[in-house]
Amino acid sequence: MKPLVRPGAGPLLAALLSAVAASAQATGETHWPDVTAFAATLAEHDLAGPYDELRGVLARAGELFHAQCVSSATESLLREPLAAPARALAWTDAALAAARSGPPDLFALLQQAAALRDLPELPAELGAARRAHLAPATASLGARLDVAEGLCRDAAVELDAAFAALSPAEREQLAAELPALLQRFVADVYVLSVERFGRAFTERIAKVDQAALLRAAAQVAPLLEPDFWLPLAGAAAPDVAVERPAGVDGELLARRDTPLGPILVGGPGPNRYALDALLIVDVGGDDAYGAGPARATLAHPIGLVVDLGGDDTWSAPAPGSSDPCGGQGGAVCGIAAVLDVAGDDRYAAARVAQGAGLCGVGLLLDLAGDDHYDGDALVQGAGLFGVGVLLDAGAGADVHSAGMLAQGFGGALGYGLLCDLDGADRRTATGRYPSSYGTDGQFQGLSQGAGVGLRGLGGASPQVAGGFGILLDGGGDDVDRVGEFGHGIGYFLGTGIARDVGGDDRVEAARYGIASAAHQAVGLVLDDAGDDRYEDPFTASLGGTWDCSVAILVDAAGDDRYHGAGITLGAATITSFAALVDGGGRDVYATEDQPATAFGAGGHPADVRNRVRSVSLFADLGGGADRYPPSGLVPAPADGLRAVRRARHRFEDREAESGVGLFVDR
């Protein structure tokens with residue numbers, strides 16, 4: 001079977017990596033610890049050999065575990081773990097710059113999604129169109145709608161190209177399979193081991209031209225520029241009333257019927273929209289959006305909404321509905337987008353909503369207000385075989401709640417980004433789906449910067465590597481709560497990144513949470529500043545890994561508190577690398593018990609089986625008076641200590657060194 005992604009995006013990824021040098025040492029006002037410098041420290045303590053041996057195995061993870069479409073960006077992080085924080089800083093700096101551009105540079109965000117997914121670079125002329133299509137303030141409403149209709153026609157051509165390799169029957173089959181696969185995935189991460197979603201499905205999904213999907217999204221990106229539409233805010237009603245189609249209440253300023261669906265312009269008062277439309281532009285008022293607006297399906301491949309003001313309410317089908325797409329910038333086999341310019345808005349949906357792409361591209365840009373987002377699964381910046389972006393650019397106090405696969409989730413062939421630029425935000429992705437480990441009172445998460453692949457259970461099951469999931473917060477005192485596998489985590493050759501630029505934040509997670517990774521994956525948490533608190537009293541967290549993975553937590557500054565358990569606080573197991581690096585402040589470290597794998601100590605009997613040692617790193621560089629828990633480790637963690645940690649285990653009849661690590665407090 002051919003790879004699901006064809007190689008050839010090397011120059012684009014190389015261009016992204018070239019930004020590493022500029023971001024490795026400093027971002028804005030905060031000096032970042034140079035984690036790469038620890039290569040010399042490892043060599044000083046005769047640990048360079050084990051680190052290099054481990055890197056050699058990690059670099060071949062995709063080959064060793066027979067995965068399709070491993071991202072070259074993920075491979076770069078596995079190949080050189082100590083360089084991973086600098087690379088993640090460069091990528092998230094670029095995304096922040098695009099989000100903070102006035103207005104947000106959506107084209108740049110799509111370009112990054114292409115690079116990290118090994119897709120060809122988007123044509124430069126599409127980026128230039130971002131400004132070229134902006135009409136002068138004197139342009140008529142009709143002229144603006146002409147531009148909008150033309151751009152949508154161009155996007156439809158790209159969508160036809162995206163699915164051209166599938167017969168009409170195959171398209172229908174794929175459109176039916178995708179929601180069913182999502183339903184199964186919510187219940188069982190080993191979804192490709194189910195016969196229905198095995199090799200035949202992956203062969204169909206491989207025929208989709210993912211680059212064409214992104215080009216289609218780039219075609220309509222100029223329509224998500226607020227300056228294009230803001231001159232309409234004071235538009236007067238026409239002399240003759242515009243006839244409303246079914247599913248619309250309130251005044252319309254214009255209506256245009258096109259082969260791709262209607263284009264509607266709503267007046268300044270309250271309106272209600274509950275229909276599939278190509279484009280809705282609403283110039284003001286407290287509006288209500290039901291099922292239909294800003295969603296894409298095979299039957300209705302483009303759905304866009306631009307709302308210029310008002311406290312709006314969005315509702316969509318509940319879980320279990322026959323409708324596979326919740327809208328609000330949710331796309332299944334198409335392109336869907338929302339631009340909301342102002343107002344305190346409430347979004348409620350089930351699945352594939354609020355900036356989510358399931359074999360499509362879904363975008364939600366909310367530029368101001370105290371907003372509430374509630375969804376179930378594959379929501380709030382989530383991509384599975386597609387791209388999903390939720391950008392909240394205002395300084396409001398926002399609330400995000402979801403079940404799982406949310407808030408920066410990148411599944412197979414996926415890219416998901418949740419970016420919130422400012423405000424004291426509350427994010428929750430737990431409490432709805434019980435723990436996959438049967439842990440009482442705990443729940444699934446797979447959210448908040450989670451890159452997750454589709455892993456088989458052996459035999460003939462195909463395996464598809466994970467994508468990129470990114471949670472990016474630009475500031476504010478935030479609270480994040482997430483279930484198992486959440487907050488900067490990777491699973492099966494996926495990469496998850498959680499980056500917080502400032503504020504006194506609190507993160508609460510469960511098993512495999514807060515900079516964790518399992519099964520050949522990468523999980524990274526980066527915090528620029530603030531007095532932060534990390535709570536995860538379950539195993540494999542806070543820089544803890546399992547099975548040929550990389551997990552790193554770097555907190556650059558602040559008086560921080562860390563609470564972990566089991567494999568935690570810079571502990572690697574089963575041919576992995578793990579690190580916790582704190583750059584400054586007076587910090588408090590606590591553990592639920594006295595784990596043997598913590599504070600730079602790692603190793604596992606499977607390391608003896610694999611004949612490759614795990615490598616662990618714990619470094620507190622702040623020079624402050626830190627507090628450590630009682631520990632059975634020798635020597636015990638303490639201020640001013642530098643110690644090499646070595647572990648031995650037995651596998652069958654062989655006993656050998658299984659892990660090496662370094663503890664540094666200075």
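Assorted remarks:
- Taking the listed residues ASP46, ASP52, the one that is over 24 Å from the mean Cα position of the chain (by Cα), surrounded by fewer than 21 Cβ atoms within 10 Å (Cβ to Cβ) and assigned to a helix (DSSP H, G or I) is ASP52, with no other qualifying.
- When restricted to residues that are at pLDDT below 90 and either within 21 Å of GLY659 (Cβ to Cβ) or loosely packed, with under 15 Cβ neighbours inside 10 Å (or both), region 55-64 contains 2.
- Qualifying residues in region 413-443 (those that are closer than 17 Å to ARG351 by Cα and aliphatic (A, V, I, L, M)) - the one surrounded by the fewest Cβ atoms within 10 Å (Cβ to Cβ): LEU417
- The residues in region 171-199 that are of a type in the set (Val, Ile, Thr) and assigned to a helix (DSSP H, G or I) can be counted, and the count is 2.
- When the residues of region 483-501 are filtered to those that are within 19 Å of ASP398 (Cβ to Cβ) and in contact (Cβ under 8 Å) with a residue 60 or more places away in the chain, the one that is surrounded by the most Cβ atoms within 10 Å (Cβ to Cβ) is ALA498.
- The single condition from (1) closer than 21 Å to THR495 by Cα; (2) assigned to a loop (DSSP other than H, G, I, E, B); (3) without any contact (Cβ under 8 Å) to a residue 60 or more places away in the chain that ARG511 fails is (3).
- Those residues of region 554-602 which are more than 22 Å from ALA498 (Cβ to Cβ) and touching a Cys at 6+ places or on another chain (Cβ under 9 Å), in sequence order: ILE574, THR575
- Of all residues in region 515-553 being among the aromatic types (Phe, Trp, Tyr) and either assigned to a strand (DSSP E or B) or in contact with a Cys (Cβ under 7 Å, 6 or more places away or on another chain) (or both), the one that is nearest to ALA59 (Cα to Cα): TRP546
- Answer residue from region 192-215, given it is among the aliphatic types (A, V, I, L, M) and without any contact (Cβ under 8 Å) to a residue 24 or more places away in the chain and is surrounded by the fewest Cβ atoms within 10 Å (Cβ to Cβ) among those: ALA200
- For GLN594, the conditions (1) without any contact (Cβ under 8 Å) to a residue 40 or more places away in the chain; (2) part of a strand (DSSP E or B); (3) in contact with a Gly (Cβ under 7 Å, 6 or more places away or on another chain) all hold with the exception of (2).
- Test: residue in region 312-327 that is surrounded by fewer than 23 Cβ atoms within 10 Å (Cβ to Cβ), of a type in the set (Ser, Thr, Tyr), farther than 24 Å from GLY394 by Cα and modelled with pLDDT under 95: yes
- Residue within region 628-640 that is of a type outside the set (A, V, I, L, M, F, W, C) and in a strand (DSSP E or B) present: no
- Residue that is surrounded by the most Cβ atoms within 10 Å (Cβ to Cβ) [pool: residues in region 365-381 that are without any contact (Cβ under 8 Å) to a residue 40 or more places away in the chain and assigned to a strand (DSSP E or B)]: TYR373
- Whichever residue in region 588-600 is within 15 Å of TRP546 (Cβ to Cβ) and at pLDDT 95 or above and, among such residues, is surrounded by the most Cβ atoms within 10 Å (Cβ to Cβ): ALA598
- All told, SER167 falls short of being touching a Ser or Thr at 6+ places or on another chain (Cβ under 8 Å) and of a type outside the set (A, V, I, L, M, F, W, C).
- Residue ID - surrounded by the most Cβ atoms within 10 Å (Cβ to Cβ), chosen from residues in region 566-587 that are in contact with a Ser or Thr (Cβ under 6 Å, 6 or more places away or on another chain) and over 16 Å from GLN520 (Cβ atoms): ALA571
- The lone exception for ALA218 - which of (1) small (Gly, Ala, Ser); (2) surrounded by fewer than 16 Cβ atoms within 10 Å (Cβ to Cβ); (3) in contact with a Phe, Trp or Tyr (Cβ under 7 Å, 6 or more places away or on another chain) it fails: (2)
Yes or no, residue by residue, for (1) hydroxyl-bearing (Ser, Thr, Tyr); (2) surrounded by 24 or more Cβ atoms within 10 Å (Cβ to Cβ); (3) on the phi > 0 side of the Ramachandran plot; (4) in contact with a Leu (Cβ under 7 Å, 6 or more places away or on another chain):
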position	(1), (2), (3), (4)
GLY445	no, yes, no, no
GLY453	no, yes, no, yes
ASP480	no, yes, no, no
GLU535	no, no, no, no
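- Checklist (1) surrounded by 18 or more Cβ atoms within 10 Å (Cβ to Cβ); (2) within 36 Å of the chain's Cα centre (by Cα) applied to ALA254, failing item: (2)
- Of all residues in region 223-251, exactly one satisfies the criterion of being surrounded by 13 or more Cβ atoms within 10 Å (Cβ to Cβ), of a type in the set (Gly, Ala, Ser) and under 22 Å from ALA296 (Cα atoms), namely GLY247.
- Residues located in region 334-358, provided they are over 18 Å from ALA395 (Cα atoms) and not in a strand (DSSP E or B): GLY334, ALA349, ALA350, GLN354, GLY355
The values are calculated or read from the model by the stated rules, or taken from the named source; none is laboratory data. Everything quoted here is computed from the prediction, not taken from an experiment. So basically every Cβ, Gly included, is an ideal-geometry build from the backbone, and we count neighbours across all protein chains shown.
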